[in-house]
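Asker: One structure coming up, written as structure tokens, with questions to follow.
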There are 2 protein chains.
Amino acid sequence: MCGMTVIDGNPVQAPPVDACVAAGADYPRPDGQDSYTIGEVAEFTGLSAPTLRWYEQIGLMPQVERSHNGQRRFGNRDLDWLNFVRRLRLTGMPVADMVRFAELVRQGEVTYDERREILERTRTEVLTRVLELQDTLAVLESKINFYAAAHRAPEGA
Amino acid sequence: MCGMTVIDGNPVQAPPVDACVAAGADYPRPDGQDSYTIGEVAEFTGLSAPTLRWYEQIGLMPQVERSHNGQRRFGNRDLDWLNFVRRLRLTGMPVADMVRFAELVRQGEVTYDERREILERTRTEVLTRVLELQDTLAVLESKINFYAAAHRAPEGA
DNA sequence: GCTTTGCTTCAAGTGCACTTGAGGGCTTTA
DNA sequence: TAAAGCCCTCAAGTGCACTTGAAGCAAAGC
């Protein structure tokens, strides 16, 4: 059933990003480290620093830790979450919906059902999109072949 | 070679939408008709009438026929083109790039090579996106399964 | 010590893809 | 003949997802 760290009754403080954050490629990150500046995270994720701040501001990030002098310190958990956000963005989900999901995550286990429903709807949409894109791939290849053939035999026989 | 109407040295007037417009589902359209109002096309395509006008204005449509009193009359050829545009939009291609492609189409056979290159780049991008979405599907399913399992067995073990 | 580098907040600006509004014309139905 | 419905153009407005600018703090290098 998904072999990831199921620490949802969280020990210290970091809010549960989400249970089950395995599967799929992660962002590159240095080994044995769990604290990154916004600049580092920007580099890892390809998101700009302002975007990361904005994500936090609108509630798309589970509030980020701060260093003694007020600078953000992102943890691996945050990188996992950003990786998931990247995937959702890829599916075309509006940021507002992702924020909604993030709120549900913050509310804890009681929202499991609603979270599941959201992800199931998303899954259906993604599946549809994948099928359409595969159709589109066929269209593209047929056109590419046409152009290539026309190139070899200029002016239709 | 793609078995569609390859009339690129065009007989009467309608500009060559594109050679090779087969493959993939078309918009629904009444049989044996080749002239539709903007309202009908809006209904077929799901695009709004203003959007269709805007597409024409920015050069994304090969200029549309007009009736005696100046109203647009879209043909099946236009529907085919809009269907292709819909696919390109689905791939995330910016409208500006589609306009560029439309320009190439208007310029005729001499642009076959450039068109092929564009479509090849697009194909690569779409392929990448499909793979990422399939990855995302796996992530979604794993999370869905987690939530479903947690639902059946509330509070760990 | 002073400048550079990298971070901070808050507000305003940008780019894209449309959408909406204002003002008007033609054709069809009451 | 008058109102309804569908079309027209042109210009301005909207929503989303960021991006940029202004003003300032704080540790690091010369």
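Asker: Count, please, the residues in region A:65-89 that happen to be in contact with a helix residue (DSSP H, G or I) (Cβ under 8 Å, 6 or more places away or on another chain) and farther than 28 Å from residue A:120 by Cα.
Answerer: 3
Asker: For residues that are facing another protein chain (nearest Cβ under 9 Å) and closer than 21 Å to residue A:138 by Cα, tally how many sit in region B:118-136.
Answerer: 12
Asker: May I ask you to verify whether residue A:29 is more than 16 Å from DNA strand D (Cβ to nearest atom), touching a Phe, Trp or Tyr at 6+ places or on another chain (Cβ under 8 Å) and modelled with pLDDT of 95 or more?
Answerer: Here the answer is no, as residue A:29 does not meet what is asked.
Asker: I would also like to ask the following. Please identify the pairs in which a residue from region B:36-49 that is closer than 8 Å to residue B:74 by Cβ and assigned to a helix (DSSP H, G or I) has its Cβ atom under 6 Å from the Cβ atom of a residue that is of a type outside the set (Ser, Thr, Tyr) and more than 10 Å from DNA strand C (Cβ to nearest atom), counting only partners at least 6 apart or on another chain.
Answerer: As it stands, the answer is B:38/B:72; B:41/B:74, since those pairs meet every condition given.
Asker: When only residues in region A:81-133 that are polar (S, T, N, Q) and touching a residue at least 12 places away in the same chain (Cβ under 8 Å) count, which is surrounded by the most Cβ atoms within 10 Å (Cβ to Cβ)?
Answerer: Taking the candidates together, the pick is A:122.
Asker: Looking at A:93, A:61, which is the one that is touching a Phe, Trp or Tyr at 6+ places or on another chain (Cβ under 6 Å), in a loop (DSSP other than H, G, I, E, B) and either within 16 Å of DNA strand D (Cβ to nearest atom) or modelled with pLDDT of 95 or more (or both)?
Answerer: Values: A:93 fails: touching a Phe, Trp or Tyr at 6+ places or on another chain (Cβ under 6 Å).
That would be A:61, the only listed residue that is touching a Phe, Trp or Tyr at 6+ places or on another chain (Cβ under 6 Å), in a loop (DSSP other than H, G, I, E, B) and either within 16 Å of DNA strand D (Cβ to nearest atom) or modelled with pLDDT of 95 or more (or both).
Asker: Could you figure out which of (1) in contact (Cβ under 8 Å) with a residue 12 or more places away in the chain; (2) in contact with a strand residue (DSSP E or B) (Cβ under 9 Å, 6 or more places away or on another chain) isn't true of residue B:66?
Answerer: (1)
Asker: Which residue, of A:116, A:77, is part of a helix (DSSP H, G or I), touching a Lys or Arg at 6+ places or on another chain (Cβ under 9 Å) and of a type in the set (Lys, Arg)? So that I can check it myself, show each step before the final result.
Answerer: Working: A:77 fails: touching a Lys or Arg at 6+ places or on another chain (Cβ under 9 Å).
Residue meeting the stated conditions: A:116.
The values are calculated or read from the model by the stated rules, or taken from the named source; none is laboratory data. All figures in this text were calculated on a predicted structure; none of them were measured in a lab. Heads up, the Cβs are rebuilt from the backbone with ideal geometry, glycines too, and the neighbour counts pull from every protein chain shown.
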